[in-house]
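Trainee: Below is one structure. I have some questions about it.
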Amino acid sequence: MPADLLKLRDFALRYTAAWCSQNPASVAAFYSQSGSLRVNDDPPAVGREAITEVARSFMTAFPDLCVVMDDLRLRDEPEYHWTLFGSNSGPGGTGRRVCISGFEKWSIGADGLIASSEGHFDAAEYRRQLEQQV
């Protein structure tokens, strides 16, 4: 495996651990100061403070949040594929368990951090799992 790919894989594994840490600022630390994170069709969160708030929203909604890295694909830009597991037991949550997969297309900046991330997952399936009857 080429050294650059090993370095990127290590970066992705540490990013995965940050999502599981319940420390939203640790997720934002993987982004450039003016980096951006866009989830599906939502407006992008720009800057570490905004990215921290996106991570916080997931971590609050899913106090037992666990993210697993499924794959790291190198295309024109790296694609980080993941699966999220957790119980929606945060404030106002449904109490339902969620298991949803998706991916982020990363643009890596000159500083070696994520300059932009375009995240995608099946929002309809996510809502279905949150609302399903037990």
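Read-outs: derived from the displayed coordinates by stated rules, not from any lab. Model, not experiment: these values are computed from the prediction. Note: ideal-geometry Cβ built from the backbone for every residue, glycine included; neighbour counts use all protein chains shown.
Trainee: Looking only at the stretch 91-134, which residues are more than 19 Å from Ile51 (Cβ to Cβ), out of contact with any Leu (no Cβ under 8 Å at 6 or more places or on another chain) and not charged (D, E, K, R)? Reasoning before the result, please.
Mentor: Within the stretch 91-134, the first condition is being more than 19 Å from Ile51 (Cβ to Cβ), and the residues that meet it are 91-101, 122-134.
In the following step, the residues that additionally are out of contact with any Leu (no Cβ under 8 Å at 6 or more places or on another chain) were identified as 91-93, 95, 97, 122-134.
Scanning the stretch 91-134 gives Pro91, Gly92, Gly93, Gly95, Ala123, Ala124, Tyr126, Gln129, Leu130, Gln132, Gln133, Val134.
Trainee: Give the residues of the stretch 13-55 that are touching a strand residue (DSSP E or B) at 6+ places or on another chain (Cβ under 7 Å) and among the hydrophobic types (A, V, I, L, M, F, W, C), sorted by residue number.
Mentor: Within the stretch 13-55, Leu13, Trp19, Cys20, Phe30, Leu37, Val39, Ala45, Val46, Ile51, Val54 qualify.
Trainee: To continue, here is another question. Quick one: which of Ala12, Ala29, Ala17 is more than 13 Å from Gly112 (Cβ to Cβ) and hydrophobic (A, V, I, L, M, F, W, C)? Before you say what the answer is, go through the steps one by one.
Mentor: Working: Ala12 fails: more than 13 Å from Gly112 (Cβ to Cβ); Ala29 fails: more than 13 Å from Gly112 (Cβ to Cβ).
Exactly one of Ala12, Ala29, Ala17 is more than 13 Å from Gly112 (Cβ to Cβ) and hydrophobic (A, V, I, L, M, F, W, C), namely Ala17.
Trainee: Listed residues Gly95, Gly109, Gly119; which is surrounded by 15 or more Cβ atoms within 10 Å (Cβ to Cβ) and over 18 Å from Leu5 (Cα atoms)?
Mentor: Details: Gly95 fails: surrounded by 15 or more Cβ atoms within 10 Å (Cβ to Cβ); Gly109 fails: over 18 Å from Leu5 (Cα atoms).
The conditions single out Gly119.
Trainee: Working only within the stretch 1-29, note down all residues that are assigned to a helix (DSSP H, G or I) and among the hydroxyl-bearing types (Ser, Thr, Tyr). Break it down stepwise before answering.
Mentor: So the first thing to find is which residues in the stretch 1-29 are assigned to a helix (DSSP H, G or I), and the list is 3-19, 24-28.
Tyr15, Thr16, Ser26, listed by residue number.
Trainee: Please find, among Ile108, Ile51, Ile114, Ile100, the residue that is in contact with a helix residue (DSSP H, G or I) (Cβ under 7 Å, 6 or more places away or on another chain) and more than 18 Å from Gln22 (Cβ to Cβ).
Mentor: Details: Ile108 fails: in contact with a helix residue (DSSP H, G or I) (Cβ under 7 Å, 6 or more places away or on another chain); Ile51 fails: more than 18 Å from Gln22 (Cβ to Cβ); Ile114 fails: in contact with a helix residue (DSSP H, G or I) (Cβ under 7 Å, 6 or more places away or on another chain).
Selected residue: Ile100, the only one of Ile108, Ile51, Ile114, Ile100 that is in contact with a helix residue (DSSP H, G or I) (Cβ under 7 Å, 6 or more places away or on another chain) and more than 18 Å from Gln22 (Cβ to Cβ).
Trainee: Applying the selection to the stretch 30-58, what residues are without any contact (Cβ under 8 Å) to a residue 40 or more places away in the chain, surrounded by fewer than 17 Cβ atoms within 10 Å (Cβ to Cβ) and within 13 Å of the chain's Cα centre (by Cα)?
Mentor: Glu53, Arg56, Ser57
Trainee: Starting from the stretch 74-91, take each residue that is under 16 Å from Ile114 (Cα atoms) and list its partners that are in a strand (DSSP E or B) and basic (Lys, Arg), counting only C-beta distances under 6 angstrom and pairs at least six apart or across chains.
Mentor: Glu77/Lys105; Glu79/Arg73; Glu79/Lys105
Trainee: Another question, then. Any residue in the stretch 15-29 that is closer than 19 Å to Phe103 by Cα sitting within a Cβ distance under 6 Å of a residue that is crowded, with 18+ Cβ neighbours inside 10 Å and basic (Lys, Arg)? List the pairs, counting only those 6 or more apart or interchain.
Mentor: Ala28/Arg48
Trainee: How about the stretch 5-40: which of its residues are aromatic (Phe, Trp, Tyr) and within 15 Å of Val54 (Cα to Cα)? Quick ask: steps written out before the conclusion?
Mentor: If we filter the stretch 5-40 for residues that are aromatic (Phe, Trp, Tyr), which is where we start, we get 11, 15, 19, 30-31.
Within the stretch 5-40, Tyr15, Trp19, Phe30, Tyr31 meet the criteria.
Trainee: For Glu125, indicate whether it is at negative phi and surrounded by 15 or more Cβ atoms within 10 Å (Cβ to Cβ).
Mentor: Details: at negative phi: yes; surrounded by 15 or more Cβ atoms within 10 Å (Cβ to Cβ): no.
Answer is no for this residue.
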